[in-house]
Structure formats: C-alpha cells, structure tokens
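**Student:** Questions regarding the structure given below will be posed in turn.
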Amino acid sequence: MKILKSVSVAALLLFMVSCGGKTSQASYDVIPAPAEVTVEATASPFVITSSTPVVYTPGDSVMERQARFLAEYVQEQSGIELKLQPGEPVKGAVVLSADLVSDNSEAYELDVTADGVSINGASPAGVFYGIQTLRKSIPVEDVAKIELPAVKISDAPRFGYRGAHFDVARHFFPADSVKEFIDMLALHNINRMHWHLTDDQGWRVEIKSRPGLTEATMKVPNEPGSMQMPVPGFYTQDELRDVVAYAAERHIEIVPEIDLPGHMLAALAAYPELGCTGGPYEVWGSAGVMTDVLCVGNEETYRFLDDVFGELVEIFPSALFHIGGDECPRDRWKECAKCQAMATKLGFKNDSHGTREAKLQNHMMHHVAKYLEERGRRVIGWDEVLDSDFAENAVVMSWRGEQGGIEGARRGHDVIMTPSTHLYFDFYQSPDQSSEPKAIGGYTPVEKVYNYEPVPAVLTPDEQKHILGVQANLWTEYIPSFKQVQYMELPRIAALSEIQWTDPSKKNLEGFVGRLPRMLDIYTDHGWRYADHVFNVHGTVTPDKEARALKVELSTYDDAPVHYTLDGTEPTRESALYTEPLVINEPITLRAAAERGEGMGRIYEGGVQFSKSTFRPVTLSAAPHPRYTFGGAEQLVDGCLGSHGYTDELWLGFTVPEFDLTIDFEEPDTISAVDVRTNVSTGSWIFEARKIEVATSLDGKTFTNVASLELPAMTEDAAYVKEHRLSFDPTEARYVRVTVDSETSMPEWHAGSGRQAFVFVDEVSVY
C-alpha cells in the first residue's frame, strides 16, 4: 500500500510539472449561441492565471455569490484557482457588475480586452448568464493559463420563460439529485424548473396538516432503481425550502405542480373520503390514467385543497403554480350523488359550452385559481383546461401538440409551448430501441428538438406575444435512476436551450452540433451520462412519386466518412464509401455507419421497402387522429419505413374501431401477399390490431376476401414493431383493400381499461 501511494504521488508531481506552463485557448462558440459576438481579431487577448482576481461590489452578497460561482466553474474545468476580491475595478481582473441598461432584465455584456474581463448584467441574473458564457468558452483541461481572445458579446434571451419539467411522482429522486438537475439547467441558461410533485403513483411533498399523504406513499414497497412502481419517498418542507433556495441562487424559479382533479390516487389512498366511491384506494403501480379522481361534489375536497396550497405558498415563492387539469376522466362524477347535487345547485347543464361534468371540473379549477390569486399567485394548466371556461389570467401549457397553445393565445391566454411531438424527453432518442434504455415510446432525436419553432406562424403578431416561452417535459414512469434522467436530458436539453434563448435567424443545426463537443466535455467533467446519437449517421429519404424511386442522402454532422451496404451486411471500412445520394427503386436492405476512431459508429438501418404498392394511389375510409396524420394516406405506400419511435412522423395513428385502405395498382396485376406493419407501445395506449383482412377487386366495386388474420388480445405491456404477412393464392387484381380492426376496449390490466386504443400503421406492401 505504501509503495502504491508513493507511485501515485510521483505520478501526480510529474503531471504537475508537465502541465505547469500549459495554456488553453477559449472559444466563444458556446451553447446557447449569444445574440452578438464581435471578436477583435487583431487585439491582444487576456490571460487568466491563478493570480487573476474576480472583482465585485463590496457588501453585495448576491454579487459575491456570482463571483464564487465563476471561481468554482473555472477551477472545476481548468484547475486554476481565481481570487475573490471585493472592491473597485482593477486592471488584470474579471469584473462583475449589474448596472447594464436594457429592456431585458436578463441581458448582459461580456467584454474581453488585454487589460481584463468585464461582465455587466441588467440584473444579477444577467451577470449569471454572462458567467455561464465565459464558463462554456473555457476548455475542460488542467492548465496554468487560459487565453481569452478579445471580444465584445451583447446577449439577451428570446423568451422570459425557459423551462424544464421534472417528474418525481412516478419515480422519486432525492433532494441531492434534484439539485444536480438544477445544476444541469443552470449550465443551459434555463430559468424555470417545473416540479411535478404529485400523481397517482406518489405524493412527494410534506403537508403537515395532512400527514396521511406522505404516510400512504411511504407504505409502498421499496426497490431502489427498480422499474416497478410505486416507490416510496417524499421531501420534507425543510428539504423543499433548501432546494428552492439552491435554485434561486442560480436564478431558477421552481414552479410546483399539484395535478388535479385527476392523477390523485396517491391522495385518495390516504384520504378515501375525498373520492366519489369512498374507496378503498391504493397508490397506483403503473402508468396511465385512472378513473378514480377527486370528488368535485364534496365540500371536504375543497378544504383539502385549501390546506395543501395554503402550506405550499409558504414554501414556494414562485409567481406561477401549476394545477394540472389534464387527463381527468369524469365517469365517477356522472354516477356520484354528491357531484350531481353540486351540478344542480350551481345550475350546470349540458349545452354548447360543455357538459355538466366539464363545468364541475372547471368549478374546482376556478376555486384553486381564486385561492392562489388572492395570495398573489397565477395558475398554469395543461391545455385540457381550454375545454371549458378556465380562469382568464391562467397560463396554458400546450402539450397535445400546438393547437392548445394556438387556441389559448387566440383567447387571450399566455401560453407555454411544450408539445409532446418535439419536447417530451421521455421519448426515445434513437430509432434503434434495442440499444436504448426502456422508454415510454415515441422518437425525439436532438435534431427534431433543435428544429422546433415555438411561435406558430398562424398567429397574428399580437397573438404571438402571448407565447411566454418553451419547456421540455420529462415523465419518469420508465426512468428509475438519476443516471437515466441525465441520459434522457443530455444533450437534448442543449438543443432546447437554443430554442429558448437564441433568435431563430441565428440558429443552425450543423453549427449547433459543431459547438456541442465542448458541452459534452463539461458533461463528462461532471460525471453526467449523455447520449451521443447526434454523431450517428443520419439518413434523409425523399420519395419521388413520379420516378417511383427513393433518394437516400446519408450524412454526419461532423463530415465523418460513411460506408454502406445494400445487402443487409454490416458495413466496414472496406464497404462502399458514400459520395452521393443513393437512388433506390428495388427491394434492398440499406445499412450504413461512419468511421469513428479505429472502428465504426452505430449502424444506420435505412428504412426503405419497395413493393407493387409503392407510390400507388391509396384512399382511407377514416381519418387518422389529428396528432398523427402527418403526410396522410400516401405515407402508407411511400416506401419509407417508420422506426420504432411512433412520433417519427412516418406512422399514422387511428382511434376508430375499424378502418380500411384501398390501393389502386392502376392496371391489373398478379399478387399473392400483403405485409402490414404495426407499431405497438401499450404505455402510450397504442395496441396491436385485433384483425387484419385483405380483399381484392378488378373494378373497385366488388371485392373478394382473400386473407384474414386474427390477433389475440394483449395480456401485458409491450413495445415493438411487427410486420404481419397475409399470404394467399396468386390472384389477379387492380385494387387491394386492407381492413384493420383495433382494440376497442383495452383490457383490465391496463390503465386505459375499457377505452378505445390507438392502432398505428405504416407501410402496406403488396407482392
């Protein structure tokens, strides 16, 4: 042991000598990209060393903390220890001040000359963001000096609300992990943490007047790191205050969410009298939407809510409180005597403005909104709140696509855009789900996040002003560890930060990816796990209907050489080198990979499939769900295969008992098989089809059934893509009709029991 220790010390001394004179070069190619960066190429740089002081106003505790942050960041990344120095600005120092005049309170200016560095903000928050830019410009390596090129940066965020959502109700994460999540947000200039604290699977906040809430949550089995739900755990009020203070020091406001009147089984398990049936209830152990919700006809329910929010307003200083309003089944209210009596008392009737039950939900939401408004707070609700007459000053959070945000802005509501199609970080990041941690489904790669534009062009300029900002959501049904939280967030959160901060005219995906490696170095320095899919081969498949061909373009964002095969074999450095777009007009199996180090990167599986139906005219008997319509019926025969991620915009999603599609070959042909691809993700209410039938016709009027496939009801959670082949005797036909029956009553084991399931279909190939 002594010998090993001596060797270690010697190695350390050797390392210190070898890097003692090393100088690193800063770069202002940071994320998010600042508004204006003017590098003085001919001017002398400023050099940071261990003798460089950080100067701030004496007696200003906030600015002293800013100076300490900067010193900590520099030491973490370079090993250089800066000195904190209260007093007047001096030559050779990094000077912090907060007297910049700007209409944007988060604006800052960063000036570097040979004589020193100045970070001047319009507020302490502005100073903090200037510090983040300086921090991110510094390489991660132990050095003696850091050379900062002369520059003038003038910067301010595009949006005032820059949010990230963290669900701790489904899987609990201790306060230290939440603080680390806050550190991740601070690095990316995010100023709101939407903290989802309660749900069917757990109540995570101590309410002293209602101790049963956390007692019920703590009674569930304890299997740390397990995918199983529920799991125990809650925050004491002291822990909550500590986390709130930790976030505030980093200029992040925590927006708490108590989701109501649905998603309340954990509360009902503790206080069954708050439900319509009186229970008994149990803290729920899987994902989904529960039928049992708060009883809106029970006066005790309103006292309960007053108790809860009365304590929370003393803990959370946030101007905004999220009260949910989403996914609330009203089945129990229709059967509940108390609820119906309340509806009668209030004069609620079914009419063009909504059902009695919808008005009852609105009544409860108004009660909470008024209670919070009287205490100086403003409520946020998920976009379902627009289904009825929600509080006029409430903020709408648009998650079911953009339509809720558009409608909210048109009605005069302020809006936060967080569409699940682009900003749900619990979705997969790669179409190759077999190599990924289990997720709820969907497909949201970095580039899809980055290219999202949150201000809909269909809104007028005045309506667009209601878009307060942007947020990404992380639901944790399938995320049992904080390392997996990191993996799902990083680096997508970097793409999010550029949506939130940077003017769209300055955004560029290739430039973003070029700036990303330094962020990845910082992630590594912190021990944060991140996904590297952005460096994989990317394929763009463009259908050419007239030529009946597909053009496939392969690329990497760092221009690494790409090799490919067309016979399904694994590409190597000896495989064909990609130099120009591939034109595919026959059945092939495309695989490609980029050169990475001594080996090859992840394999890209080109999703192309040709058959007799490719590019033929096709009609549908029923429209897909509005959120999953994308390119319409033509997508079913365009030769492009959808990935495992059902949100990749290549799948059509249906919520009807039955639909059929009819393909016209335009002239008779002999056929003997039909393949129908389905995507199953039961956690997202997407089930397998129950029956598929094939019929043929020569005239488009008289059809003859030639094949049928019965599929059993699903008995457990599953996620997969499957190609169903229906073979039959060779038949001459001009038209083929494929009929798909869906799961009209999801089974009892599923959270959506009794409801209509989605069925997702992509390519329909005829041979």
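The values are calculated or read from the model by the stated rules, or taken from the named source; none is laboratory data. What you see is a predicted model; the values in this text were computed from it and never measured. Reconstructed Cβ throughout: ideal geometry from the backbone, glycine too, with neighbour counts over all protein chains shown. Areas reflect the complete protein model, heavy atoms only, side chains present, ligands, DNA and RNA absent. Shrake-Rupley method; radii C 1.70, N 1.55, O 1.52, S 1.80 Å.
**Student:** About the Cα centre of the chain, what is the dipole size in debye to 20, counting +1 per Lys and Arg Cβ and -1 per Asp and Glu Cβ, all else neutral?
**Tutor:** Values: 67 positive and 113 negative charges, 218 e Å.
Charge dipole, the chain, about its Cα centre: 1040 debye, nearest 20.
**Student:** Right, here's the next one. Counting other Cβ atoms within 10 Å, keep those with at most 13, restrict to DSSP loop, and tell me which GluC sites (Glu not before Pro) in region 562-598 are left. Before the final figure, lay out each step's value.
**Tutor:** Numbers: sites: 574, 595, 598; in loops: 574, 598.
Hits after loop and neighbour filter: 574, 598.
**Student:** Rolling a 1.4 Å sphere over the protein heavy atoms, what is the accessible area per residue of region 391-440, to the nearest Å²? Could the numbers behind the result be given before it?
**Tutor:** On the way: 1570 Å² over 50 residues.
Ligands and nucleic acids excluded, the figure is 31 Å² per residue.
**Student:** What residue among 698, 709, 745 has its Cα farthest toward the positive end of the dipole of region 654-755, where the charges are +1 on Lys, Arg and -1 on Asp, Glu, each on the Cβ?
**Tutor:** Result: 745.
**Student:** Also, I was wondering about something else. Translational diffusion coefficient of region 319-473 at 10 °C, 1.306 mPa s, Stokes-Einstein with Kirkwood Rh over Cα pairs, in µm²/s as a whole number. Working shown, then result.
**Tutor:** Numbers: Rh = 17.3 Å.
This corresponds to a translational diffusion coefficient of 92 µm²/s.
**Student:** Report ³J(HN,Hα) in whole Hz for each residue of region 559-576, in order, from the Karplus equation J = 6.51 cos²θ - 1.76 cosθ + 1.60 where θ = phi - 60°; Gly and Pro get x.
**Tutor:** These are the phi-based 3J(HN,Hα) values: 6, 5, x, 10, 10, 9, 10, 10, 10, x, 6, 6, x, 10, 5, 8, 6, 4 Hz.
**Student:** Right, here's the next one. Only loop residues by DSSP count here, and only those with at most 16 other Cβ atoms within 10 Å; note down the GluC sites (Glu not before Pro) in region 478-558 that meet that.
**Tutor:** Here the sparse-neighbourhood loop sites are 546.
**Student:** What FRET efficiency do you get for residue 630 and residue 338 if R0 is 41 Å and r is their Cβ-Cβ distance, rounded to the nearest 0.05?
**Tutor:** Working: r = 44 Å, r/R0 = 1.08.
Computed FRET efficiency for residue 630 and residue 338: 0.40.
**Student:** Right, next: Roll a 1.4 Å probe over the protein heavy atoms and report the accessible area of residue 699 in Å², nearest 10.
**Tutor:** 80
**Student:** Percent of accessible area on region 623-767 owned by carbon and sulfur, 1.4 Å probe?
**Tutor:** About 45 percent, which is the carbon plus sulfur part of the accessible surface.
**Student:** Determine the gain in length on full extension of the stretch residue 306-residue 573; use 0.36 nm per residue of separation and subtract their C-alpha separation, reporting nm with one decimal.
**Tutor:** Gain on stretching residue 306 to residue 573: 89.5 nm.
**Student:** Moving on to the next point. Residue 194's amide H: which non-local residues (gap 5+, or another chain) put their own amide H closer than 5 Å, with H modeled 1.01 Å from N in plane and none for Pro or chain starts?
**Tutor:** Here the answer is 164, 165, 166, 255, since their amide H atoms fall under 5 Å of that of residue 194.
**Student:** If I take R0 = 25 Å and measure r between the Cβ atoms of residue 352 and residue 691 in this structure, what FRET efficiency does the formula 1/(1 + (r/R0)^6) give, to the nearest 0.05? Show your work: numbers first, answer last.
**Tutor:** Working: r = 38 Å, r/R0 = 1.51.
Calculated transfer efficiency: 0.10.
**Student:** Now for a separate question. Over region 242-371, what relative contact order in percent results from Cα pairs under 8 Å that are six or more residues apart? Mind dumping the intermediate values first?
**Tutor:** Values: 169 pairs, mean separation 38.1, N = 130.
Computed value for region 242-371: 29 percent relative contact order.
**Student:** Here's something else I'd like to know. Provide the FRET efficiency to the nearest 0.05 for the residue 38-residue 583 pair, computing r from the beta carbons and using R0 = 30 Å. Don't jump to the answer; show the numbers that get you there.
**Tutor:** Values: r = 45 Å, r/R0 = 1.51.
My answer for the efficiency is 0.10.
**Student:** When the Karplus curve 6.51 cos²θ - 1.76 cosθ + 1.60 is applied with θ = phi - 60°, which whole-Hz ³J(HN,Hα) does each residue of region 638-643 get, with x for Gly and Pro?
**Tutor:** 9, x, 9, 8, x, 7
**Student:** Calculated from the structure, volume of the Cα convex hull per residue in Å³ equals which of (i) 236; (ii) 208; (iii) 185?
**Tutor:** Looking at volume of the Cα convex hull per residue in Å³ for this model, the match is (ii).
**Student:** Just going by the charge dipole of region 219-302, with Lys and Arg at +1 and Asp and Glu at -1 on Cβ, which of 230, 269, 301 is farthest out on the positive end?
**Tutor:** The one lying farthest along the dipole's positive direction is 230.
**Student:** Right, here's the next one. Return the percentage of antiparallel bridges among DSSP beta bridges fully within the chain, rounded to the nearest 5 %.
**Tutor:** Numbers: 88 of 135 bridges.
The answer is about 65 percent antiparallel.
**Student:** Over region 160-233, with every protein chain in place, what whole percent of the accessible area is carbon and sulfur at 1.4 Å, could you tell me? Numbers along the way, then the final one.
**Tutor:** Working: 1010 of 2020 Å².
On region 160-233, the fraction of accessible area on carbon and sulfur atoms equals 50 percent.
**Student:** I'd like to know how region 620-714 sits against the 2.2 N^0.38 Å rule of thumb: what's its Cα Rg over that expected value? Walk me through the numbers before you get to the answer.
**Tutor:** Working: Rg = 14.4 Å, N = 95, 2.2 N^0.38 = 12.4 Å.
In units of the globular-protein estimate, region 620-714 measures up at 1.16.
**Student:** Next question. Just add up the charged neighbours of residue 541: K/R +1, D/E -1, any other residue whose Cβ is under 11 Å from the Cβ of residue 541.
**Tutor:** On the way: positive: 551; negative: 544, 553, 638.
Around residue 541, the charge tally is -2.
**Student:** Next up: Once you put a point 7 Å from the Cα of residue 237 and another 7 Å from the Cα of residue 410, both along the Cβ direction, what distance in nm separates them?
**Tutor:** If labels sit at residue 237 and residue 410, their model points lie 4.5 nm apart.
**Student:** Within the set of other residues whose C-beta is less than 9 Å from the C-beta of residue 126, count the net charge using Lys and Arg as +1 and Asp and Glu as -1.
**Tutor:** Values: positive: none; negative: 106, 109, 155.
Computed value for this residue: -3.
**Student:** Additional query: Could you list the square roots of 5 times each eigenvalue of the Cα gyration tensor of region 72-223, that is, the equivalent ellipsoid semi-axes, sorted largest first and rounded to whole Å? Intermediate values should be presented prior to the final figure.
**Tutor:** Numbers: eigenvalues 327, 70, 35 Å².
Three semi-axes, in Å: 40, 19, 13.
**Student:** Leaving out ligands, DNA and RNA but keeping every protein chain, what accessible area does residue 588 have, in Å² rounded to the nearest 10, with a 1.4 Å probe?
**Tutor:** About 40 Å², rounded to the nearest 10.
**Student:** Also, quick follow-up: Using amide H atoms built 1.01 Å from N in the peptide plane, name the residues 5+ places from residue 426, or on other chains, whose amide H lies under 5 Å from its own.
**Tutor:** Long-range HN contacts for residue 426: 475.
**Student:** Would you tell me the accessible area of residue 620, worked out with a 1.4 angstrom probe on the heavy atoms of the protein chains, in Å² to the nearest 10?
**Tutor:** About 50 Å², ignoring ligands and nucleic acids.
**Student:** 7 Å from Cα along Cα→Cβ at both residue 464 and residue 544: what's the point-to-point distance in nm?
**Tutor:** If labels sit at residue 464 and residue 544, their model points lie 3.6 nm apart.
**Student:** Shifting gears a bit: Could you give the nm distance between label points at residue 76 and residue 61, where each point is 7 Å from its Cα heading toward the beta carbon?
**Tutor:** Those two pseudo-labels are separated by 2.3 nm.
**Student:** Given a 1.4 Å probe, how much area per residue of region 139-249 is accessible, in Å²? Spell out each step's value before the answer.
**Tutor:** Numbers: 3420 Å² over 111 residues.
Dividing the accessible area of region 139-249 by its residue count gives 31 Å².
**Student:** Can you order the peptides 633-645, 64-76 by their average number of other Cβ atoms within 10 Å per residue, highest first?
**Tutor:** In decreasing order of mean packing, 633-645, 64-76 become 633-645, 64-76.
**Student:** Another question, then. Per residue of region 152-164, in order, report the coupling 6.51 cos²θ - 1.76 cosθ + 1.60 (Karplus, θ = phi - 60°) as ³J(HN,Hα) in whole Hz, putting x for Gly and Pro.
**Tutor:** In residue order, the calculated couplings are 10, 10, 10, 8, 6, x, 6, 10, x, 9, 10, x, 9 Hz.
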